[in-house]
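Below: one structure, written as structure tokens.
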Amino acid sequence: MGTSILSQQPVRILITGSNGLLGQNLISLLSEIESVHLIVTAKHRPSFELGRGEFHVLDITQKNQVEQVVAKTMPEVIINAAAMTQVDQCELDHDGCKCANVDAVEHLVQSASVHNVHLVHVSTDFVFDGTQELLDESAVPNPVNYYGKCKWESEKIVRDSNISWCIIRTVLVYGVTAAMSRSNIVLWVKKSLEEGRNIKVVSDQWRTPTLAEDLAGACYQAALRRASGIFHVSGKDYLSVYQIALRVADFFKLDKTLITPTESSNFVQPARRPLKTGFKIDKARKELGFEPHSFEEGLRILSEK
Ligand SMILES: NC(=O)c1ccc[n+]([C@@H]2O[C@H](COP(=O)([O-])OP(=O)(O)OC[C@H]3O[C@@H](n4cnc5c(N)ncnc54)[C@H](OP(=O)(O)O)[C@@H]3O)[C@@H](O)[C@H]2O)c1
């Protein structure tokens with residue numbers, strides 16, 4: 001049990017990338033918890049109401065800014081929810097991807113080391129090559145695109161450091177928040193079908209889609225417990241992307257005849273995608289008390305927001 005559970009002082013948690021899907025879900029969760037002092041950071045001040053917590057501008061690629069904000073706010077835990085996440089953009093802009101997804105993590109690690117901060121770093125199923133399904137934490141990474149390579153590099157920086165750390169790898173995150181900067185599979189399928197558009201969806205890529213609220217909950221538990229090591233955190237339903245689309249259509253009572261299955265080889269995209277991933281989540285269940293919603297429950301939660 002972490003000392004913060006017993007201590008009377010609120011635990012000081014700093015979130016990077018607070019305008020993103022995970023970041024916003026972390027704000028919603030943590031601003032409801034009185035025993036947390038929330039330090040919200042992002043490249044730009046958010047357009048939505050923050051609620052409890054203090055806000056600081058922080059571009060994690062700026063080493064001096066990282067050090068200044070950490071020194072000033074004195075967090076006990078940093079949850080790194082910031083990343084360049086568009087996989088094709090990462091393939092087209094190697095420098096930008098490395099800067100945000102590798103070098104910036106080095107800056108966070110250095111400041112965490114100086115100020116004795118526990119780092120919860122978020123990574124991805126794209127560190128794997130897609131030849132194995134339902135991977136546990138002992139599976140060996142072998143990324144097939146530049147985004148995956150950079151996230152794997154960032155993991156090694158964290159793992160080989162002298163700080164207190166954990167890495168939460170996750171899979172195909174979906175959800176809805178007040179100010180969405182980018183879409184996700186569920187919102188894209190829903191919107192396309194609502195607009196009566198035909199869509200082609202891959203039937204040979206398999207994932208365990210993750211509700212953003214569930215991921216935020218796991219990050220919070222990892223922060224609270226000062227969890228150590230790598231954790232696989234995802235939903236519990238193993239579905240092809242085509243099956244995901246069909247389930248979205250069913251749930252929202254939309255026309256699933258608009259959805260055509262196709263194969264990855266029919267798509268010309270800058271970045272290769274791993275075919276099969278999906279996670280075994282036993283370790284997160286045991287050590288973080290993680291219990292994700294089913295995909296249908298996740299859709300219900302999303303639809304009620
Ligand atoms: N979404 C998925 O399906 C998925 C799957 C596996 C793993 N993950 C991992 O989960 C984590 C959270 O991703 P997400 O889904 O919340 O992605 P997201 O919605 O794209 O959020 C990422 C946030 O990071 C911010 N950011 C980028 N560069 C930054 C910088 N230099 N300084 C500060 N903030 C910066 C982005 O701001 P701007 O938009 O203004 O650049 C954005 O708000 C990431 O580590 C990602 O690799 C995501």
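Brief remarks follow.
- Leading residue by the ranking (farthest from the chain's Cα centre (by Cα)) among those in the range 60-85 that are near the ligand (Cβ under 7 Å from one of its atoms) and either among the hydroxyl-bearing types (Ser, Thr, Tyr) or surrounded by fewer than 16 Cβ atoms within 10 Å (Cβ to Cβ) (or both): Thr61
- Just one residue in the set Asp129, Asp125, Asp93 is closer than 27 Å to Thr210 by Cβ, among the charged types (D, E, K, R) and more than 13 Å from the ligand (Cβ to nearest atom); that residue is Asp129.
- Qualifying positions in the range 283-302 - open to solvent by 10 Å² or more (accessible area, probe 1.4 Å) and under 16 Å from Leu239 (Cβ atoms): His293, Ser294, Glu296, Glu297, Leu302
- Taking the listed residues Lys305, Lys236, Lys280, Lys256, the one that is open to solvent by 60 Å² or more (accessible area, probe 1.4 Å) and within 30 Å of Ser161 (Cβ to Cβ) is Lys280, with no other qualifying.
- Exactly one residue out of Val201, Val176 is over 22 Å from Val105 (Cβ atoms) and more than 13 Å from the ligand (Cβ to nearest atom): that is Val201.
- Every residue from the range 20-47 that is within 18 Å of Glu213 (Cα to Cα), assigned to a loop (DSSP other than H, G, I, E, B) and out of contact with any Phe, Trp or Tyr (no Cβ under 9 Å at 6 or more places or on another chain): Gly20, Ser31, Glu32
- Out of Ser18, Ser47, Ser35, Ser31, sole residue that is within 15 Å of the ligand (Cβ to nearest atom), among the hydroxyl-bearing types (Ser, Thr, Tyr) and over 23 Å from Cys99 (Cβ atoms): Ser47
- Pairs are defined by a Cβ separation below 7 Å, a sequence spacing of at least 6 or placement on different chains, a first member in the range 98-121 that is over 20 Å from Ile230 (Cα atoms), and a second member that is crowded, with 19+ Cβ neighbours inside 10 Å and of a type in the set (Gly, Ala, Ser); the pairs so defined are Ala100/Ala83.
The values are calculated or read from the model by the stated rules, or taken from the named source; none is laboratory data. Just so it is clear, the structure is predicted and the values come from calculations on it, not from any experiment. Glycine gets a Cβ as well: all are built from the backbone with ideal geometry, and neighbour counts include every protein chain shown. Side chains included, ligands, DNA and RNA excluded: accessible areas come from the protein's heavy atoms. Shrake-Rupley method; radii C 1.70, N 1.55, O 1.52, S 1.80 Å.
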